[in-house]
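Input: a single structure, listed below in structure tokens.
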Amino acid sequence: YEGEFVAGKPCGKGVLTVNEDRFAVEYDGSGAFPGAVPVSKGEAEPEVLLKDSRFTVVAVSRGNKLQQTFKGNYTHCKSVDAKLAYTCPSRANHPLKNPTEIEGKIAAGAVGVIIVGTDDNEKYTQIFQIHEGDPADDNDFYPPGEVAKPVTAKVPVVFSLGRHEHLIRHGAFVRMRFFPGAPGTPENWLLGCILLHPQTIHRDLTRDEADKLLLEFLNQRKEERKQESADLETKLRRKGNSPQKPGETPEMEGREWSAPLMKLMEADDSSLPGALDNFTANMKAQDVLDLCQEFMQGQYRSMTGCSVPLPFKLDANLLDMSNL
């Protein structure tokens with residue numbers, strides 16, 4: 001829940017997330033979680049991140065720092081690009097109630113973990129190191145009869161100060177990066193950062209929703225292929241002086257990609273090299289690079305869900321275009 005609390009109870013307007021669905025709610029402050037019931041509840045708009053965010057984290061080392069033989073071991077810390085998901089319970093110190101939401105994301109028991117300090121007063125300004133080991137060594141409190149298991153790191157795990165908690169948004173796509181040997185890094189430490197780009201945060205589809213969407217896409221593509229085949233057949237029949245059927249229209253000629261394609265299709269073995277040379281001769285080098293740039297931008301956007309431009313521009317004046 002994102003909103004104001006009075007005496008530990010939600011009060012006023014806020015946003016409640018249930019199984020990745022966001023609701024605009026309002027509480028009267030009469031009840032505490034988890035039993036608090038909102039006085040109003042409606043669907044909330046998707047959350048939008050408008051600017052880049054970045055904050056420093058420290059990697060969790062393998063090995064127990066309390067042992068004399070301790071030496072920082074970060075072989076498990078690899079770069080990760082994935083969506084974030086909150087764990088339930090928040091400390092992930094009990095079996096998770098939302099394991100399906102966590103799978104494949106950055107959280108507890110997933111492809112990576114971000115541990116956020118519970119520093120509500122922001123009194124800590126300097127990050128500190130955590131490591132594997134036995135929680136009992138830290139004199140942590142556990143309910144009677146509960147024995148804490150030793151903590152081990154099998155996926156990239158990092159620690160962040162509590163002051164950055166507002167940047168860690170459930171469902172956001174983030175990048176986890178590490179910088180071995182960065183200047184000023186203490187011995188046996190590994191520093192890194194979490195990056196968030198501008199984006200609109202949408203909830204994940206359920207398996208049934210994903211299967212339905214995929215089926216709709218495949219059916220649509222199937223119909224497009226049928227139409228393209230029919231258009232091609234019409235074009236070839238016209239080339240062979242076959243009569244055009246009533247109602248047929250040369251729709252294929254109107255498509256952006258059809259003109260150069262049809263010229264190449266109409267070329268025989270002897271004229272094909274010349275047709276290819278003519279095709280490429282009519283394209284400027286910068287036009288080709290712009291197409292490459294657009295393709296890479298599309299790949300970047302589809303992989304990351306981010307609409308930010310690429311950090312470079314392909315320029316024909318700065319590249320060797322002799323072998324284009």
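A few comments on the model shown:
- Label zone at D208 (point 7 Å along Cα-to-Cβ), backbone N below 17 Å, the range 10-36: 19-21
- Whole-Hz Karplus values for the range 174-189 come out as 10, 10, 10, 10, 10, 10, x, x, 4, x, x, 6, x, 4, 6, 9 Hz, taken residue by residue from phi with 6.51 cos²θ - 1.76 cosθ + 1.60 and θ = phi - 60°; glycine and proline positions read x.
- Pairs with C-alpha atoms separated by more than 32 Å, drawn from the list K105/K226; K78/K222; K65/K105; K41/K222; K9/K97; K71/K105, are K105/K226; K78/K222; K41/K222.
- Full-stretch length increase - K149, Q68 - with 0.36 nm per residue and alpha-carbon distance subtracted: 27.0 nm
- Stretch gain in nm, segment N219-N98, where the contour uses 0.36 nm per residue and the Cα spacing is subtracted: 40.2 nm
- When peptides 150-160, 4-14 are sorted by average Cβ neighbour count within 10 Å, with the highest value leading, the order is 150-160, 4-14.
- Extension gain for T118-A7 works out to 38.2 nm (0.36 nm per residue, less the C-alpha to C-alpha distance).
Read the figures in this text as sums done on the coordinates, not as results from a lab. Bear in mind that the values here come from a model prediction, so they are computed numbers and not experimental data. With ideal geometry, Cβ positions are generated from the backbone for all residues, glycine too; neighbour counts draw on all protein chains shown.
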